[in-house]
1. Say we look at segment A:78-118 and pick out the residues that are closer than 19 Å to residue A:67 by Cα and aliphatic (A, V, I, L, M); which of these is nearest to the other protein chains (Cβ to nearest Cβ)?
2. I need every pair where a residue in segment A:1-27 that is under 30 Å from residue B:77 (Cβ atoms) has its Cβ under 6 Å from the Cβ of a residue that is among the acidic types (Asp, Glu) and at pLDDT 85 or above, sequence separation at least 6 or different chains.
3. For segment A:24-77, which positions are among the small types (Gly, Ala, Ser), within 11 Å of chain B (Cβ to nearest Cβ) and closer than 16 Å to residue B:51 by Cβ?
4. Scan segment A:20-60 residue by residue and report those that are open to solvent by less than 40 Å² (accessible area, probe 1.4 Å), of a type in the set (A, V, I, L, M) and either closer than 26 Å to residue B:23 by Cα or part of a loop (DSSP other than H, G, I, E, B) (or both).
5. Within segment B:28-46, identify whether any single residue is more than 7 Å from every other protein chain (Cβ to nearest Cβ), among the small types (Gly, Ala, Ser) and under 26 Å from the mean Cα position of the chain (by Cα), and answer yes or no.
6. Taking residue A:138 and the conditions (1) farther than 20 Å from residue A:69 by Cα; (2) surrounded by 14 or more Cβ atoms within 10 Å (Cβ to Cβ); (3) modelled with pLDDT of 85 or more, which numbered condition does it fall short on, given that it satisfies the others?
7. Name the one entry in B:107, B:132 that is open to solvent by 30 Å² or more (accessible area, probe 1.4 Å), more than 9 Å from chain A (Cβ to nearest Cβ) and not in a strand (DSSP E or B).
8. Of everything in segment B:71-96, what is in a loop (DSSP other than H, G, I, E, B), at pLDDT below 95 and more than 8 Å from chain A (Cβ to nearest Cβ)? Give them in sequence order.
Amino acid sequence: MVLSSSATEFVMKILKENMGPLTNFEVLDFLRSRGAAKDPTRVLAPVAPSEFKVYDYLVHSAACSQTRESITEFVAKCKPYKLTKSEITNIINIRPSSYVEIDPLIENLDSRLGESVEELVELVVQVFPPSSEQSKPDENESKELKDIM
Amino acid sequence: MVTFINLFELYFNSVNMFSLTKLEHTLRLQPHLLSLPLNEAIKGELEGLFVDKVIANLGLCISVYDIASIDGGFIFANEGAPTYTVKFRLIIFRPFVGEIISARLKESNADGLRLSLGFFDDIYIPELLMPEPSHAEPDSENKGQVKWTWLFNDEKYLIDGYDEIRFRVQNVKFPEIPKEQKELKPFAPMEIIGSLASDGGLGPISWWI
């Protein structure tokens, strides 16, 4: 005789989908707090191999040199530019340091910001210091493209 | 003096490729785990179940963020292990349409490009969403692969996979699990379709910096 209980139906329930975004910095911070940065062997810290891959991705992105303060500062200081939340997210994640880099991140850039695009780029560069990856320019074709665009 | 503002609240109604989702799941804890503190044992089980797995129409689960509550602990008749109902939050990866992401080249063939983030590599840039005009040449070093080149102002700009490639998220798909394995390629439960079309700024970073 087999007795079944309802508890053997292990159905997962989504209680609240998308409770709120986490900035890339916060995910990196979370992984750091679990010890991802401190374990060179990568077997001692309670971090799964897949989590280490996320850590590796984020540590090579703009998030690596960001802080809670710098993100808060940027969100406050970019208010005059009336950017949408998605545009702000894109800027924080990509950290554009020139006109051509910020162009695909903002819709109707010229008609909305006009002259103040350079100002906005200045703000980005000033609030978010470059990570080691981003301060290596490639000399060759790049100069021509950048000047044309 | 900078007051600490919870980034969560600051960002409410905002978007990012990462977000928190609250779930409830009922599981049985095997006896050999009962010597561990309950929280740890449950967390371990949840991680085994969810981390690095795609939840259909939700996204890829990155980590177990925290456990809100653990209820139960009853042992049902005919079972040798206690059952718990757990409420917890997962960090979910699911880019939004319009998000700009940097990735590495994984494959380059006649259909377009395949990109990877390391932890996720089912990102496709179809031929139609390549910068215009682009054309492909067979890659002498890699059989079946091609090298894509963008022609602009009489100059050729190569996508060689050396540096990061920035793309715009066009669509995020959750294909249905096929009944039969039709193709050689393993089934991808979540796919990101990206675009490199722009007035400048998308594509390999070396083109612009």
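1. Filtering first and then ranking leaves A:94.
2. Pairs that qualify, where the first residue is under 30 Å from residue B:77 (Cβ atoms) and the partner is among the acidic types (Asp, Glu) and at pLDDT 85 or above, are A:13/B:24; A:15/B:24.
3. Matches in segment A:24-77: A:36, A:48, A:50.
4. Those that are open to solvent by less than 40 Å² (accessible area, probe 1.4 Å), of a type in the set (A, V, I, L, M) and either closer than 26 Å to residue B:23 by Cα or part of a loop (DSSP other than H, G, I, E, B) (or both): A:22, A:27, A:28, A:31, A:36, A:45, A:47, A:48, A:54, A:58.
5. So far as segment B:28-46 goes, yes, one or more of its residues are more than 7 Å from every other protein chain (Cβ to nearest Cβ), among the small types (Gly, Ala, Ser) and under 26 Å from the mean Cα position of the chain (by Cα).
6. (3)
7. Matching residue, one of B:107, B:132: B:132.
8. Across segment B:71-96, the qualifying residues are B:75, B:80, B:81, B:82.
The values are calculated or read from the model by the stated rules, or taken from the named source; none is laboratory data. Because the structure is a prediction, the values reported are computed rather than measured. Please note: Cβ atoms are built from the backbone with ideal geometry, for glycine as well, and neighbour counts cover all protein chains shown. Accessible surface areas use protein heavy atoms only, side chains included; no ligands, DNA or RNA. Shrake-Rupley method; radii C 1.70, N 1.55, O 1.52, S 1.80 Å.
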